[in-house]
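Down below is the structure, laid out as structure tokens.
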Amino acid sequence: MYEYSEFDTAFVRERVAQFRAQVERRIDGALTEDEFKPLRLMNGLYLQLHAYMLRVAVPYGTLDPAKMRQLAHIAERWDKGYGHFTTRQNIQFNWPRLRDVPDMLDALADVGMHAIQTSGNTIRNVTSDHFAGAAADEIADPRPFAELIRQWSTDHPEFQFLPRKFKVAVTGSPNDRAVIKSHDIGLRMLRKGDEIGFEVVLGGGLGRTPMIAKVIRDFLPVADLLPYLESIVSVYNQLGRRDNKFKARVKITVHEHGIDRIRELVEAEFALRRSTFGGADQQILREIEARFRRPTLRDGRPADAYEASRAADPVFRAWADTNLVAHRHPDHAIVTISLKAHGATPGDASADQMRVMADLAEEFGHDELRVSHEQNIVLPHVHKADLPAVHARLAAAGLGTANIGLVSDIIACPGMDYCALATARSIPIAQQIATRFDELKLEHDIGPIKLKISGCINACGHHHVGHIGILGLDRAGVENYQITLGGDGTEAASIGERTGPGFPADEIVGAVERLIGAYLKHRESAEETFLETYRRLGMAPFKEALYGDERQRNAA
Amino acid sequence: MATKGKEMPLESALAPAADRVAHLNARYRNHAAQAVLERALGDAQVGRVALVSSFGAESVVLLHMLSVIDRSTPVLFIDTRMLFEETLTYQADVAATLGLTDVRTIRARPEALAAHDPDGVLHRSDTDACCALRKVEPLERALAHFDAWITGRKRFQGGRRAVLDFFENEDDRRIKVNPLAHWRPEDVQDYIVNNRLPRHPLVARGFPSIGCAPCTSRVAAGENPRAGRWRDQDKDECGIHFVNGRAVRGPQPAPQEEPEMNVIVTDRGFAPDDWTQGFHRPETLGEATGNGVLALDLPSDADPCDLADHLGRVTMIRVDFPSFADGRGFTLARRLRLMGFKGRLRARGHVIADQYAMARRAGFDEIEIAPDLARRQPEAQWRRRSAWQAHDYQSRLRGLA
């Protein structure tokens, strides 16, 4: 995987030194709070409900054991012994002290990590497919491109004070596992003849105004990537609204001016900027690609132990059925470690658990770990013969939950338990739903389903693209949970539709249970997923399950 | 909605009041009263804040503004025990009508009254001593818990109020906030009418400024509204608004306005502005006859394409930064350079030291900042970023490093 070059290392150290000075200048008054705020945000430091929160970038979700162990160390030394993995492949520490943050950033720099541009109105951490480099359906590993974009966007002098935050996602497969159509810019890799390039989509987003991104360029050659991205962002920097925070994202700029007008402006800008890179960026891309060498997988080692365990151990079999994905090499598997133990906080991992995952990556996984946008950890290259040992070690550390892709594999934002913006709790709702379906022992029968919960309209829990989405709102001081159905974050992206009036906190678990009951009753076979049933039948049977028969309601 | 208290918990004491006042006045120079009040209630630099109100003739304006923004803000009402009965009734009515939830009535300590004015006649022999006993000292005790207080004073009231700013430094102890400083008498009346606010009953009876009953008299048409306060005495303030804590008699000299110059920041540090030729706006550029010393002031929302025909004859372009958080100027600079502008490129306005490297990398040669910013972020803080070519991903990706 990518190791920092000398340049990267020197850059990050310099940046930490700058931030250390900025913290001092804030404390002595040279910087006002207004002025300090964007500077701390550029370095990942938020102010949450109770304390600061430091958001650390995991570029394109890739970690190695040394990095994971350092995260464990930071969690123990400066925080409360755990970290929270997020939907944007970052990790958040919820309890740092302002004065400690420069030391935490130095500790990150020791292993080639940083918190740069994980917040603020800048280009954020570039996200990618968490199965990159391992998936069977991949055209090329998207991470070198994501790394190139990281270098280009880091400290970009034009784009540190954009109208609003700006998120880019890259996927290397036609199957979109990076939710690119919900990003400001999404890059989907395509092959055209012998040439590799990207379909570029612009103006997606969730939040209070969910929008599916629109195609601005159907094929962009790799060599034009940076000047074209720069053209898009510079047009947005000039045109994006600065009068209203809620209308400042590029999705609104695209909506107000139309994608065709934006395309014209971008192409005009591109004509000016195309020549400014002169090929140096492509040379750097080749150097980056060389650093993403694929691990040397061992051929010929029998996978009998795997089959034997499957036959003998139903717990292992259940885990293997849900938590493994096909590797491009048939003797290997991609392991997803669930951070969604029933009743636990989705996405949280303790320092000890981080160390267990680091050890497993070292012993069995070619030193690779990934953070998925669904808030789980991935071991992308595990030989099948090692899976029983991996599972046993995970289970012993409380990481053996067999629920990937199932109803308890819930994405939830931090909600009112941590977040200053939230209007309702999300984590306790996720915990209650997971616990309930664990009691019902129906999870595996229900099969693949995406349930996503946001604690406010800003939609950090991606509820718009959940097959079942739950949005927690404040209705006159009382938490109220609205349900949307039919959202989808894949290449067939769609925004969920509201079912009707919301439910109070003590009724939402029952409501979800009734929805699932309706699905089980109406599905044509066990193979038809919840989303497929919804798309076939529409809203009616689910509405009836939620609110009762319409005629009865009218009569009542 | 963000309220005070949601501000970042500052992990150090507030900066000296004088520095904060200078900065706050610069920051809110062009704001309206409501905005000043709203921000004063939430600005970490202001700190804990209370409104001090006499519930007099014009007090209802600020009280109403406050009730709209945050009804729970502490309101301090000084009951000197010498007030008109009408004022006490009006005070209760207004507080109830506006729904103010934290009105604190401030009174002199009984033992102090017993010691210095047992018969309530001190005002006849020494109004200053009476004010000190019944207003200044009680308020001082009440304000000990606050970093700042809001007053309703206005420039038009004359006397030493004629040069009032939004923010004042009170003896390096506290900040006084005067949201209505720039209001004219008609603004006050319009606000009361438009918002259908209850009026103090004595106004209709000829009292445009209302203090304690013994020392307030009617005002005739054409007189200063405060003429009825301590009439026939050499006194126009009770003492809570004295300059530097002292009573200042006679007309106040206007403060010496030192015409301070903006500072130009380059890689070499601070320097005075050497450009004396003035600036054109883009719309007057066509009329300007170019003789090689043409300079242009560019607002941040300008479209550089409109300048394409003129770039060759412009010597200097100055790009405005209305706020350091508005990054349009960086892209403007980059565009101008890409369009071939080779002249002098200057950023002007709210650019902070931390943005120096960005500005230089985007194509600016220099930055013009106001004196107060230069004081707050002195030269050393800018020079720390003068090695802006180092650690630059952009020049590396473009083969320039």
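The values are calculated or read from the model by the stated rules, or taken from the named source; none is laboratory data. Since the structure is predicted, the reported quantities are computational estimates derived from the model, not experimental observations. Glycine gets a Cβ as well: all are built from the backbone with ideal geometry, and neighbour counts include every protein chain shown.
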- Item | Residue ID - farthest from the other protein chains (Cβ to nearest Cβ), chosen from residues in the range A:142-172 that are in contact with a strand residue (DSSP E or B) (Cβ under 6 Å, 6 or more places away or on another chain) and polar (S, T, N, Q) | A:Thr171
- Candidates A:Val56, A:Val12, A:Val23, A:Val16 - the one that is facing chain B (nearest Cβ under 10 Å) and either in contact with a strand residue (DSSP E or B) (Cβ under 9 Å, 6 or more places away or on another chain) or closer than 26 Å to B:Arg376 by Cα (or both): A:Val23
- Looking at (1) modelled with pLDDT of 90 or more; (2) outside any strand (DSSP E or B); (3) under 27 Å from the mean Cα position of the chain (by Cα), find the lone condition where B:Ile264 falls short. (2)
- How about the range B:27-43: which of its residues are surrounded by fewer than 17 Cβ atoms within 10 Å (Cβ to Cβ) and either of a type in the set (Gly, Ala, Ser) or farther than 21 Å from B:Asp70 by Cα (or both)? B:Arg29, B:Asn30, B:Ala32, B:Ala35
- Query: Applying the selection to the range A:208-242, what residues are under 29 Å from A:Cys460 (Cβ atoms), within 14 Å of chain B (Cβ to nearest Cβ) and among the charged types (D, E, K, R)?
  - Reply: A:Glu230, A:Arg241, A:Arg242
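Look at A:Ala320 and say whether it is farther than 27 Å from A:Gln151 by Cβ, modelled with pLDDT of 90 or more, part of a helix (DSSP H, G or I) and under 24 Å from the mean Cα position of the chain (by Cα).
Details: farther than 27 Å from A:Gln151 by Cβ: yes; modelled with pLDDT of 90 or more: yes; part of a helix (DSSP H, G or I): yes; under 24 Å from the mean Cα position of the chain (by Cα): yes.
Yes.
Within the range B:97-144, take every residue that is among the hydroxyl-bearing types (Ser, Thr, Tyr) and in a helix (DSSP H, G or I) and give me the one that is nearest to B:Cys215 (Cα to Cα).
Looking only at the range B:97-144, we keep the residues that are among the hydroxyl-bearing types (Ser, Thr, Tyr), and these are B:97, B:101, B:105, B:125, B:127.
This time we only want the ones that are in a helix (DSSP H, G or I), so: B:97, B:125, B:127.
Numbers: B:Thr97: 29, B:Ser125: 12, B:Thr127: 8 Å.
By that ranking, first place goes to B:Thr127.
Across the range A:232-254, what is the number of residues that are closer than 12 Å to A:Asp184 by Cα and either of a type in the set (Lys, Arg) or in a helix (DSSP H, G or I) (or both)? Spell out how you get there, then give the answer.
Let us first name the residues in the range A:232-254 that are closer than 12 Å to A:Asp184 by Cα, namely A:232-233, A:236, A:248-254.
Filter once more, keeping what is either of a type in the set (Lys, Arg) or in a helix (DSSP H, G or I) (or both): A:232-233, A:236, A:249-254.
Qualifying residue count for the region: 9.
Could you please find all residues in the range A:218-236 being within 15 Å of A:Thr253 (Cβ to Cβ) and touching a strand residue (DSSP E or B) at 6+ places or on another chain (Cβ under 9 Å)? Even if it seems obvious, please write down each step before you answer.
Taking the range A:218-236 first, the residues within 15 Å of A:Thr253 (Cβ to Cβ) are A:231-236.
Correct list: A:Ile232, A:Val233, A:Tyr236.
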- Query: Can you find a residue in the range B:155-169 that is crowded, with 20+ Cβ neighbours inside 10 Å, charged (D, E, K, R), touching a helix residue (DSSP H, G or I) at 6+ places or on another chain (Cβ under 8 Å) and not in a loop (DSSP other than H, G, I, E, B)?
  - Reply: yes
- Note on the structure: Reported set for the range B:359-373 where residues are free of Cβ contacts under 8 Å to residues at least 40 places away in the same chain and crowded, with 24+ Cβ neighbours inside 10 Å is B:Ala359, B:Ala362
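Name the single residue, out of those in the range A:528-556 being outside any helix (DSSP H, G or I) and modelled with pLDDT of 95 or more, that is surrounded by the most Cβ atoms within 10 Å (Cβ to Cβ). Full working, then the answer.
Let us first name the residues in the range A:528-556 that are outside any helix (DSSP H, G or I), namely A:528-529, A:538-539, A:548-549, A:556.
Those left that are additionally modelled with pLDDT of 95 or more: A:528-529, A:538-539.
Numbers: A:Glu528: 15, A:Thr529: 18, A:Gly538: 13, A:Met539: 15.
Per the criteria, the residue is A:Thr529.
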- Whichever residue in the range B:357-373 is in contact with an Asp or Glu (Cβ under 9 Å, 6 or more places away or on another chain) and within 12 Å of chain A (Cβ to nearest Cβ) and, among such residues, is farthest from A:Gly240 (Cα to Cα): B:Asp372
- Message: Given (1) within 27 Å of A:Met416 (Cβ to Cβ); (2) over 19 Å from the mean Cα position of the chain (by Cα); (3) more than 14 Å from chain B (Cβ to nearest Cβ), identify the lone condition not met by A:Gly83.
- Response: (2)
- Quick one: in the range A:27-41, which of the residues that are closer than 26 Å to B:Tyr393 by Cβ and facing chain B (nearest Cβ under 9 Å) is modelled with the highest pLDDT? A:Arg40
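So that you can scan it fast, the table gives a plain yes or no per residue for (1) assigned to a helix (DSSP H, G or I); (2) in the same structural domain as A:Ala492 (by TED's automatic domain parsing); (3) in contact (Cβ under 8 Å) with a residue 60 or more places away in the chain:
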position: A:Val200; (1), (2), (3): no, no, no
position: A:Asp224; (1), (2), (3): yes, no, no
position: A:Leu229; (1), (2), (3): yes, no, yes
position: A:Glu256; (1), (2), (3): yes, no, no
position: A:Leu272; (1), (2), (3): yes, no, no
position: A:Asp281; (1), (2), (3): yes, no, yes
position: A:Arg286; (1), (2), (3): yes, no, no
position: A:Arg298; (1), (2), (3): no, no, yes
position: A:Arg301; (1), (2), (3): no, no, yes
- Selection from the range A:441-467 of residues that are outside any loop (DSSP other than H, G, I, E, B) and either farther than 12 Å from A:Leu406 by Cβ or of a type in the set (Gly, Ala, Ser) (or both): A:Lys452, A:Ile453, A:Ser454, A:His463, A:His464, A:Val465
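For the range A:120-134, name all the residues that are in a loop (DSSP other than H, G, I, E, B) and either away from chain B (no Cβ under 14 Å) or on the phi > 0 side of the Ramachandran plot (or both). Steps first, please.
Keep residues of the range A:120-134 that are in a loop (DSSP other than H, G, I, E, B), which gives A:120-122, A:124-126, A:129-134.
Listed by number, the residues that qualify are A:Gly120, A:Arg124, A:Asn125, A:Asp129, A:His130, A:Phe131, A:Ala132, A:Gly133, A:Ala134.
Quick test for you: out of A:Val378, A:Val382, A:Val407, pick the one residue that is closer than 23 Å to A:Ile74 by Cβ and either in a loop (DSSP other than H, G, I, E, B) or not acidic (Asp, Glu) (or both). Before the answer, list the steps.
Details: A:Val382 fails: closer than 23 Å to A:Ile74 by Cβ; A:Val407 fails: closer than 23 Å to A:Ile74 by Cβ.
Testing whether each residue is closer than 23 Å to A:Ile74 by Cβ and either in a loop (DSSP other than H, G, I, E, B) or not acidic (Asp, Glu) (or both) leaves just A:Val378.
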- Task: Under 6 Å between Cβ atoms, at least 6 apart or on separate chains: pull out the pairs that start in the range B:374-391 with a residue that is more than 10 Å from chain A (Cβ to nearest Cβ) and surrounded by 15 or more Cβ atoms within 10 Å (Cβ to Cβ) and end on any residue that is in a loop (DSSP other than H, G, I, E, B) and at pLDDT 90 or above.
- Result: B:Ser386/B:Asp267
- Task: Check A:Leu451 against each of (1) more than 30 Å from A:Lys247 (Cα to Cα); (2) in the same structural domain as A:Thr529 (by TED's automatic domain parsing) and name the one condition it does not meet.
- Result: (1)
- Query: Is it fair to say A:Ile288 is among the hydrophobic types (A, V, I, L, M, F, W, C) and within 14 Å of chain B (Cβ to nearest Cβ)?
  - Reply: yes
- State whether the residues of the range B:305-316 include one that is among the polar types (S, T, N, Q) and under 36 Å from the mean Cα position of the chain (by Cα). no
- Of all residues in the range A:469-496, count the ones that are assigned to a strand (DSSP E or B), farther than 17 Å from A:Arg208 by Cα and of a type in the set (Val, Ile, Thr). 1
- From the list B:Gly399, B:Gly349, B:Gly340, which residue is surrounded by fewer than 21 Cβ atoms within 10 Å (Cβ to Cβ) and either within 32 Å of the chain's Cα centre (by Cα) or at pLDDT 95 or above (or both)? B:Gly349
- Task: With respect to A:Tyr60, determine if the residue is buried (at least 19 other Cβ atoms within 10 Å of the Cβ) and on the phi > 0 side of the Ramachandran plot.
- Result: yes
- Query: B:Ala308: more than 9 Å from chain A (Cβ to nearest Cβ) and within 28 Å of A:Lys245 (Cα to Cα), yes or no?
  - Reply: no
